[in-house]
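Each remark here refers to the structure printed beneath this line.
The values are calculated or read from the model by the stated rules, or taken from the named source; none is laboratory data. Quantities reported herein were computed from a predicted structural model and do not represent experimental measurements. FYI the Cβ positions are ideal-geometry reconstructions off the backbone, even for glycines, and counts take in every protein chain you see. Accessible surface areas use protein heavy atoms only, side chains included; no ligands, DNA or RNA. Shrake-Rupley method; radii C 1.70, N 1.55, O 1.52, S 1.80 Å.
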Amino acid sequence: MSSKTLTDGTRTGAEQPPSAASAKKWWILAVVALAQLMVVLDATIVNIALPSAQADLGFSDGNRQWIVTAYALAFASLLLLGGRIADLFGRKTAFLVGVVGFAAVSALGGAATNFEMLVTARALQGAFGALLAPAALSLLNTTFTDAKERARAFSVYGAIAGAGGAVGLLLGGILTDALDWRWTLYVNVAIAVVAFAGGWLLLSNHRDAENSKLDVPGTILVAAGLFSLVYGFSNAETHDWDSAQTWGFLIVGGVLLVAFAWWQTRAAHPLLPLRILLDRNRAASFFAVLISGAGMFGVFLFLTYYLQLNLGFSPTKTGVAFLPMVGALMVAAQVGTTALVPRLGPKAVIPLGFAIAAGGMAWLTGIGVGSHYLSAVLPQLVITGIGLGLVMPPAMQMATGGVAAEDAGVASATVNAMQQVGGSIGTALLNTLAASAATDYLAGKDPTNKLVQAQATIESYTTAFWWSAGFFAAGALIAFLLFRRGVPQQDADAAPVIHM
């Protein structure tokens, strides 16, 4: 049997039969998916535990949001840096350091004795997550080069990225009810042990961009820009939109990102090469991830409120209530990436997914004070899950497909950044719109009447659902206009080589 030397120095052929290489790729997928699940879980798993943590550590309602915001700020602002580090110093190194660091600061947060210790741990979680997430996605991108296998791998990864928030709510509820809020952080240590062992045994540390240098000015500009943008939208939840702490940071963030884009056209070793953004299908995919991230918070955030506060669900039961959506999303992810996109192309499938998700969210606006989960929530969740399953995994696959190997890390980081920024935008806008709807409903009514109060909350939820439906409808239109016609062909020259 002939042998072939890969770019990482390993040999195929007699030393590594095709069946063994194929099995190894799927084990790599399992490890990468587990690590990604850990990162995605922590965007929501702590949410359900916040009341318990607040009672235990004694911090104020005003400080409570920083437990969530600290993670989002660090994660979003450092993603592109994390992706470039993976390209420069090796994806295995970045992956393993990210896993160990994430586990260590999770343990620190679980052992927190005061608010400052907990919020510091959450910020450090975001920083290590910003290193881990792009390394994980780029490993997937460089491991699976066969079109059919790649589609299957991204269906799994995309389903985790899309459904991880709901799984986080479920796991957070179970751990908080059965054990203690601290276990929503300690659980990462157990996950990290498995991910680290798998990564250590299965991955190699090929550096595709080892001859490049880190773009320090670009790193500072984009990190400060993304920080300001996410911070501005986060402030919109606790301040008015006309507050300088909201619009001031949004303007600064916008200016810094424009300066970053200008600098990337002149830098010798740009942090985000513009060739990544100028591909039409890839740019459309980035927009799809951004919009789906914004709209998904209408499902998770406000439906969680409705299930717990209006229907009286426990945290665990709330998490279980989201499982049908997760199942529908995973099935649709498999069908979309492996069957529909290869036959119909993204111009047909991704707008269709957005349209289905918009329909599910519009249907969800029919909830009322006395509604039942089985009739007013379950079918709508399944429909929305199907729609998101046709959007997220194919968009992630298209966003990272065909990039040169030395750009895989930063392209993967851009995907994660789009999802994070979209989530921040969605949270801020939907919270503001929902609060305004409740206030408008109470105008001229007796605010002490419990029935009036309950109906006001329903108005706030349905307003958020309508706007989420609007986000998805806009996504359908944008995706239809931007994606190219036809089935995308994998570029053999641009396709990354296998590094296992």
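What to note about this one:
- Per-residue HN-Hα couplings for segment 125-130 [Karplus 6.51, -1.76, 1.60; θ = phi - 60°; Hz; x = Gly/Pro]: 4, x, 5, 5, x, 5
- Relative to the compact-globule estimate of 2.2 N^0.38 Å, the Cα radius of gyration of segment 427-474 comes out at 1.22.
- Electrostatic tally near PHE102: other residues with Cβ closer than 14 Å to its Cβ, Lys and Arg +1, Asp and Glu -1, net 0.
- Two-decimal Rg/Rh across segment 65-133, once Rg and the Kirkwood Rh are taken from alpha-carbon atoms: 1.02
- Those lysines that a straight Cα-Cα span of less than 28 Å connects to LYS213, excepting residues fewer than 8 apart in one chain: LYS92
- The calculated pair-distance distribution of segment 292-369 uses every alpha carbon pair, bins of 10 angstrom beginning at 0, and gives 16, 43, 28, 12, 2 percent.
- Zone of ALA107's modelled label, taken as backbone nitrogen in segment 69-84 under 14 Å from a point 7 Å along Cα→Cβ: none
- For LEU201 and LEU477, the FRET efficiency from 1/(1 + (r/R0)^6), where r spans their Cβ atoms and R0 equals 60 Å, is about 0.85.
- Each residue of segment 465-481 was assigned a 3J(HN,Hα) from its phi angle through the Karplus expression (A = 6.51, B = -1.76, C = 1.60, θ = phi - 60°), giving 5, 4, 5, 4, 4, x, 4, 5, 5, 4, x, 4, 5, 5, 5, 5, 6 Hz with x at Gly and Pro.
- Compactness relative to 2.2 N^0.38 Å, alpha carbon Rg of segment 256-402: 1.27
- Applied to segment 414-427, the Karplus parametrisation 6.51 cos²θ - 1.76 cosθ + 1.60 on θ = phi - 60° returns per-residue 3J(HN,Hα) values of 5, 4, 4, 5, 4, 5, 5, 5, x, x, 5, 4, x, 4 Hz, with x for Gly and Pro.
- Whole-percent carbon and sulfur share, accessible surface of segment 278-354, 1.4 Å: 70
- R0 of 41 Å, Cβ-Cβ distance ALA454-GLU116: FRET efficiency to nearest 0.05: 0.65
- Lysines whose Cα lies under 18 Å from that of LYS148, excluding same-chain neighbours fewer than 8 positions away: LYS24, LYS25
- Spin-label pair ASP180-TRP262: with each label point 7 Å from Cα along the Cα-Cβ axis, the two points sit 5.3 nm from one another.
- Full-extension gain in nm, SER371 to ALA443, via 0.36 nm per residue minus C-alpha separation: 23.5 nm
- Spin-label zone in segment 246-265 - amide nitrogen under 19 Å from a point set 7 Å from the Cα of SER436 along the C-beta vector: 246-251
- Using only alpha carbons, segment 327-442 has a radius of gyration to Kirkwood radius ratio (Rg to Rh) of 1.07.
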